[in-house]
Every structure is written in C-alpha cells, then in structure tokens.
Amino acid sequence: MKNREGLPEMAVISGGETGFRFRGRVITPLDIALFNEIIQTYNSEGRTKISQVICEKMNWKQANGKHQEGMCRTLLNRLARKELIKLPAPKRATPPNPLPVRIAPPEIELDQAPLSCPFADVAGVTGLVRARNGKYRKMYKSIVHQYGGGYRHLIGEHLNYLILIDDRPAGCVGVSSAPRYIECRNNYLNWDRLEMQKNIQKVVKIDPFFILPWFQVDDLAAAILSMLLKSLPEEWIDIYNHDLGMIEAYIDPRTTWNPYRDEGWKKIGQTKGKSAQGEVNRPQLDVYAYEYPDIFRKKRGHMARVTT
C-alpha cells in the first residue's frame, strides 16, 4: 500500500528483510542509512553531488552509462518528506516543477487547408522529423497540447516526432518507456518479476499518435507507423545504447480509429484500468504489440518468451 508521498510502507520483502519497492528497486533500512551517511559527508556540496555519489555507490545507471540522477533525486525528496533523511537546503531557487504545475505551451497558427486523397496521391514529401529542440520541439508541444489531449512533460527515455507533409505539420507521434505492470504483456512474454525488471527497458509505448483533422488522407497513419517501425530501433540504440524488443500501443475499444490492425501488430490483451495506487478508475484499453523478432530469440538472452 502506498502512502501519500508515493512510497509504499515498509514491508517484508524477502528473507525476513524489511524494505519497500521504488521503481522496481528494493530500498532497505541499510540503504537509507547509507544515504544518510553520504548526505552527512557531502552536505556542503549540495544535492546534485549527493545524488551523484549515491548513484555511483548503488550502481544506478542507465543503459548509456549515465547516472539515473532524476530517479535518485525523486526518491531522496520523497524520503525527506517522510523524515527518513534530511537533505541540505537547495543552493539556488528551485524552478517551477513542470509536472505538478503544468504550464500550457503557447498556441501556434497552423495551415488548416484541407487535404483529402489517398496517400499514394499526396504531392510532396511525407516524413517524420525529431522534435528534439528549436522550432520543431515548440511545434510538437503546442500541437499535442491543442489537438492531442494535452502536452505532458516526460522523464526518462522518449523520442517525439512531428509528422510533416511537404513541411506542413500533419500530426504527432511520441515513443516512451512502457509501464512496468501491464499484466497481459508480462503474461504474453512469460515474464516473472525478475525478468520484467531486467527487460522492461526494451519495451516502449506509442503515445501520443494522431493525425490533424484537416488531413483526410487514406492510409496516412499506416504509412507513418511503417516509417517509425523501420527507423526507431537504430535511433533508440544511437541515443539510449540499447535495443528494442517490443512496441506497445493502447487503444480504447470504443474508438473507430485504430491504425494497429495492420499486419505485424497483434492484440495481446487489455489493461485492467487500474491506477498506480491499484484503484480501478481508468478505462480498460486494448493492448497491441509489435515485436522485433531478433530480440525475442531466447538464445540471445534479451527476452524470456520463446517464439514459435
């Protein structure tokens, strides 16, 4: 059971040892004692140094070798709110947190001239461009906020793309780390908890994905997905230094728009509609999966499922 700080209460984890789980890791009283020792040693050097040392001591690293400092600082802040540790005061004023206080991106004007035709008849170049920084990032945030259900600041591995038709924004698609506890996926892959923790970074989700309403282009979504599936594995390795085994997408079964019925995608089950706190307060969504077969070969040791 989680408390209001987002941490579960201390419980017996294994072998009679008490602790709690945080993002797939077991945090024990001995770990908290180590954190306090590091905080005392590096108190004068500030919170950044403290999180760096803790990441090094705990071997908390991303696949690309960088410390998981964002995750570490989140944990430390929550432990401090529970008065299990005492952090030094911030050295500078803390900027507004974009997560609890979400500032809407500024709206931009878009060319809304309608385009209605088969994809094969589209004049000009259609493609995906990374919304990494500059004008494309601003455009992506604004379009997702206006037409994609609201822009959310993401932490962790993610890539965002603008869909362009002859330099006109036609939609957006985002890819980010998948949730850990999707029961139908873990069952589909024959994952136990240990295998899930080891391999979950190789599973990503598509969210958001939408086409702007004035583009009524047959097969456009399928063409965009095809481009994404071909280019994503190489881009992901270049940026995050690990390969991908599966892409997931979640679709409300009541919707009529479903670009994941095409060849290569497979419906593997449905979500339970539960929040992170275990409350059933969300719609149940169909889960579609696209597998990269080489990553699923057990002989390579990347995934648990054996393909037939």
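Just so you know, all these numbers are worked out from the coordinates, no wet-lab data involved. No experiment lies behind these values; they were computed from the predicted model shown. Please note: Cβ atoms are built from the backbone with ideal geometry, for glycine as well, and neighbour counts cover all protein chains shown.
Exposure proxy for 71, 227: other Cβ atoms within 10 Å of each Cβ, ordered fewest to most, give 227, 71. Each label was represented as a point 7 Å from its Cα along the Cα-to-Cβ direction; for residue 130 and residue 198 these points are 3.1 nm apart.
When ranked by the protection proxy of mean other Cβ atoms within 10 Å per residue, highest first, what sequence do the peptides 190-200, 214-224 form?
Values: 190-200: 15.2, 214-224: 17.5.
Taking the mean over residues of other Cβ atoms within 10 Å, the ranking is 214-224, 190-200.
Here the range 183-241 and the range 28-56 have alpha carbon centers that stand 36 Å from each other.
Taking amide H positions as modeled 1.01 Å from N, with prolines and chain starts lacking one, the residues under 5 Å from residue 126 and 5 or more places away or on another chain are 166. Here residue 21 and residue 117 are evaluated by their C-beta separation; at R0 = 45 Å the FRET efficiency comes out at 0.30.
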